[in-house]
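Trainee: Dropping a structure here in structure tokens format, bear with me for questions.
What follows draws every value from the coordinates through simple rules; no lab data is involved. Since the model is a prediction, treat every value here as computed from it, not as a measurement. Glycine gets a Cβ as well: all are built from the backbone with ideal geometry, and neighbour counts include every protein chain shown.
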Amino acid sequence: MSNDQNAMLEPGMLVRHPEAPDWGLGQVQSNVGAKVTVNFENSGKQVIDSTRVPLMPVFD
């Protein structure tokens, strides 16, 4: 199994950053290689190294 827990994330999906809850809800913009670009409501666009940070999908 890959150590990339975010491989299934697709553009449009909602996520939260487990170590930065104050960033708020984020929407995945792109997922290329191990780099996931997410637009967070409180911190804007962030590029996440998905081999180091397991983003948490939000399904509600």
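Trainee: How many residues, within the stretch 8-33, are buried (at least 16 other Cβ atoms within 10 Å of the Cβ) and out of contact with any strand residue (DSSP E or B) (no Cβ under 6 Å at 6 or more places or on another chain)?
Mentor: Total meeting the criteria: 2.
Trainee: Out of (1) in contact with a strand residue (DSSP E or B) (Cβ under 8 Å, 6 or more places away or on another chain); (2) surrounded by 13 or more Cβ atoms within 10 Å (Cβ to Cβ), what's the single condition that is false for Lys45?
Mentor: Result: Lys45 fails condition (2) only.
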